[in-house]
Amino acid sequence: MRRDYLRFSLYSQHHRVLLLGSLMFLGVLVLIFRAYTLQIENSGKALKIQERQTLRRIRIPARRGRILSADQVILADNEPGFSLLFYPGEMRFNRRRKTIDYMLRAAETLSRAIGKDSPLTRERIVLHLNTKPGLPLVLFSRLSPQEAARLYEEIGNWRGVDLESEASRCYPGGRLACHLIGYTGVDLAEKPKDKEDFFYYIPDIVGRNGVEQVADLVVPGTQIRGLRGAPGSSLIRVDHLGFAHNEPVEKSDPVDGNHIILTLDSRAQRIAENLLEGSRGAIVVLDAANGDILAAASSPGYDLAKFVPALPRTYYDALQKDPERPLIHRAFQGSFTPGSIVKPLVCLGYQTAGLSSYEKVFCDGFNEIGNAVVRCAAYRRGGHGEMDMRDAIKHSCNSFMIQNMLAIGKKNVCETMRHAGIGRKTGVEIGESAGIFPSDEIKMRRFRTRWNAYDSALLSIGQGIIEVTPLQAALFAAAIANGGTVWQPHLIKNAIDPYGNILFTRPVVAVDSLNGTPEMLKVIQDGMDQVVNAPGGSGRRAALDGLKIYGKTGSAEIGRKPNLRINAWFIAFTTYKKRTYSIAVLQENARSGGSSCAPLASEFFRQYLLNAPKRADEELLMPDDEADPTLYL
């Protein structure tokens, strides 16, 4: 019995050993299989995980393209300069405190070398080391070549310090065409489309206004790359603390932005801005044959040089609070009551309604519409007497316009204004106002009353429910000059790549035409000829030896006494060396169109086309022998 028990015990122990050995062998097999899957099958995944832990991709913004005028003057550029950089990985000690102290001493010494206070603080260093240890810390940017030369003598004494060339946005013209060019700023988008592609995201400089904004990503109306360009990248290797090694693992260079060529003539723009200096107003000059904008000045303006490298909040706040409203581009965005500059369109509308240009109206200086009385400019001397259409345009006679409007109605006049582009955006590339088109709906919406005879009378003299921009005024002046074509105006002419290849040329587009025959337009042109070149014409101060200028004055009353003010206008066109130009001049709070604006148009053409030197201001501001502003409605 005992022998059987021993035999069973030995048999059981032998089986336990076999079982334990089998389990151990199975465990080894599992380990071998697991090691195989980790090292062979999943090695690619492991490498990717390792790379994510040791590699950092840095976004490198592209250089912005230039903005140039049609005469090849650079309006927006990238100014060469230098940045002083600290590389934390090379300045590191075995203790963080030593690293920070070393960086502070280096910053203090190098700042003294160029006569500046050190901008570096302990808090700034700690923040950088905690958030962006793989990136260099920028101590100074936009350093001049002279400052860089002084720093080169010092940086050899400090490890981890380097000077790198940079390019920052600049505006060589300062105030020149500021509203047209616009300005830039750092891209503040919370989630840029490509942010997930980079560990360290250095944002672009993007357009904030004007051409800088509308041509930022693409050229307007195309898919062609705009001023911003395409970013590049740099792949760097970092250690376990995130500090970078010197040489990048790989690098792809950014693609520079394309250059934008404007239709603007820099000399025309400068002359226009100089003529407006010290006043509130606008001057727009067009090529009447295609709608190219040669000048679009607005006063007052602002200094673009103060917008780089970043716009100071105090300066921007001051511009916003300025009662002169310098941020408003009056040439495109300003919407103003036009006064008598629309009388050529009114007379064209009368002709399309069947009125003969030779039919006369007697002007006694007053016009009664219900209980209201509207005076004419000649009311003090008993009126203009008998006026036909050419005389009415020449003398800007209110009575002729009002009596015919009340007899004919506004339908044809409004149709002519619609074709001329009033109340409609022109399609220019940057921001603009549509103005106000005279209609029953607008009257009801604004005043909750129906259109009446008094509204029609006011419309005939450019008052009441109608507003235009200086750009629109220059456009319909160009249409009168060129035979009736209303162009889509353009500010952008070409886009070229960094190597000078033309990528895009803006086509010439006609958007409408004045609804009158060539004979009808000839009547209007004859009247505008007499405005400037005949004795007694309301715009005779625009007359100029060497050029034949056709024009029309306008003075719009704004508000009521004692706060009554005058917005003065003058539109004109002239032909020089087979090229026809149109112009619109606006001055706020002025005397009259004939005394305030007509001389400015004449002086512009004198300087721009005839290359004559600037006249004295007192010659421009001659006394006006018929300038009681309250007479011009």
For 343, 394, give the ranking by accessible area with the largest first, probe 1.4 Å. 394, 343
With the range 137-230 reduced to its Cα atoms and the Debye formula applied, log10 I(q)/I(0) at q = 0.14, 0.18 1/Å amounts to -0.76, -1.00
Taking Cα pairs closer than 8 Å and at least 6 residues apart, the relative contact order of the chain in percent is 13
Mean accessible surface per residue for the range 84-151, computed with a 1.4 Å probe while every protein chain stays in place, in Å²: 52
Taking square-rooted eigenvalues a ≥ b ≥ c of the alpha carbon gyration tensor, is the range 505-576 rounded, prolate or oblate, where a/c under 1.5 means rounded and, failing that, a/b exceeding b/c means prolate? oblate
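Could you sort the peptides 403-411, 448-456, 535-543, 557-565 by per-residue average Cβ neighbour count (10 Å cutoff), highest mean leading?
Listed from highest to lowest mean packing, they are 535-543, 403-411, 448-456, 557-565.
Taking N as the number of residues in the chain, what is its Cα Rg relative to 2.2 N^0.38 Å?
In units of the 2.2 N^0.38 Å rule of thumb, it is 1.44.
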Need the list of aspartates and glutamates near residue 443 for cross-linking: C-alpha distance under 14 angstrom, and skip anything on the same chain fewer than eight residues off. 455, 467
Ranked highest first by the average count of other Cβ atoms within 10 Å around their residues, in what order do 77-90, 203-216 fall? 203-216, 77-90
What does the C-alpha gyration tensor say about the overall shape of the range 81-197? Classify as rounded when a/c is under 1.5, otherwise prolate if a/b is larger than b/c, or oblate. oblate
Dipole of the chain, positive end: most advanced residue of 504, 464, 186 [Cβ charges, Cα centre]: 186
Violations at 21 Å Cα threshold for listed pairs 410/548; 425/548; 522/548 -> 410/548; 425/548
Keeping all protein chains in the complex and leaving out DNA, RNA and ligands, what accessible area do you get for residue 391 with a 1.4 Å probe, in Å² to the nearest 10? 40
What is the dipole size for the chain, taken about its Cα centre, with +1 at each Lys and Arg Cβ and -1 at each Asp and Glu Cβ, in debye to the nearest 20? 2680
Averaged per residue, the 1.4 Å probe accessible area of the range 274-348, protein heavy atoms only, in Å², is roughly 33
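Using R₀ = 35 Å, calculate the FRET efficiency as 1/(1 + (r/R₀)^6) where r is the Cβ-Cβ separation of residue 513 and residue 72; round to 0.05.
That pair, residue 513 with residue 72, gives E of 0.55.
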Which semi-axes, in whole Å and largest first, does the equivalent ellipsoid of the range 397-453 have when worked out from the alpha carbon gyration tensor as the square roots of 5 times its eigenvalues? 25, 16, 9
Using the basic label-point model (7 angstrom from Cα toward the beta carbon), what is the residue 522 to residue 407 distance in nanometres? 2.4
So what's the back-of-envelope 222 nm ellipticity for the chain, counting only DSSP H runs of four-plus at -39500 (n - 2.57) apiece and dividing by all residues, rounded to 500? -10000 deg cm²/dmol
Directionally averaged shadow of the range 207-352, computed from the convex hull of its alpha-carbon atoms, nm²: 15.4
Once the other residues with Cβ under 13 Å from the Cβ of residue 342 are scored (Lys, Arg +1; Asp, Glu -1), what is the net sum? +3
Heavy atoms of residue 358: accessible area, 1.4 Å probe, square angstrom to 10: 150
For residue 445 and residue 32, extending 7 Å from Cα along the Cα-Cβ vector and measuring point to point gives, in nm, a value of 8.5
Evaluate the range 343-436: find the radius of gyration of its Cα atoms, find its Kirkwood radius, and give the ratio Rg to Rh. 1.06
Solvent-accessible area per residue for the range 473-529 at a 1.4 Å probe radius, Å²? 39
Note: probe point = Cα of residue 235 + 7 Å toward Cβ; backbone nitrogen < 19 Å; residues of the range 199-229 passing the test are 199-202
Cross-link reach list, lysines versus residue 195, counting only Cα pairs under 20 Å and skipping chain neighbours closer than eight places: 48, 132, 251
Assuming R0 = 25 Å, can you tell me the calculated FRET efficiency for the pair residue 267 and residue 545, based on Cβ-Cβ distance, to the nearest 0.05? 0.75
How much of the accessible area of the range 393-518, probe 1.4 Å, is carbon plus sulfur, in whole percent? 52
Round to the nearest 10 and report in Å² the accessible area of residue 158, as given by a 1.4 Å probe over the protein chains' heavy atoms. 40
At the level of C-alpha centres, the distance separating the range 374-451 and the range 152-197, in angstrom, is 51
FRET efficiency (residue 253, residue 320; Cβ distance; R0 41 Å; to 0.05) is 0.55
q = 0.17, 0.19, 0.23, 0.24 Å⁻¹: log10 I(q)/I(0) that the Debye formula gives for the range 534-577, counting C-alpha atoms only: -0.59, -0.67, -0.81, -0.85
With a 1.4 angstrom probe the carbon and sulfur portion of accessible area for the range 285-381, in percent, totals 49
Projected area, mean over directions - the range 352-511, Cα convex hull, nm²: 12.3
Cross-link list 360/561; 411/552; 116/306; 394/578; 411/561: which exceed 28 angstrom alpha carbon to alpha carbon? 360/561; 411/561
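The values are calculated or read from the model by the stated rules, or taken from the named source; none is laboratory data. Just so it is clear, the model here is predicted, and its values are computed rather than measured. Methodologically, a virtual Cβ is constructed for each residue, glycine included, from the backbone with ideal geometry; neighbour enumeration extends over all protein chains shown. Side chains included, ligands, DNA and RNA excluded: accessible areas come from the protein's heavy atoms. Shrake-Rupley method; radii C 1.70, N 1.55, O 1.52, S 1.80 Å.
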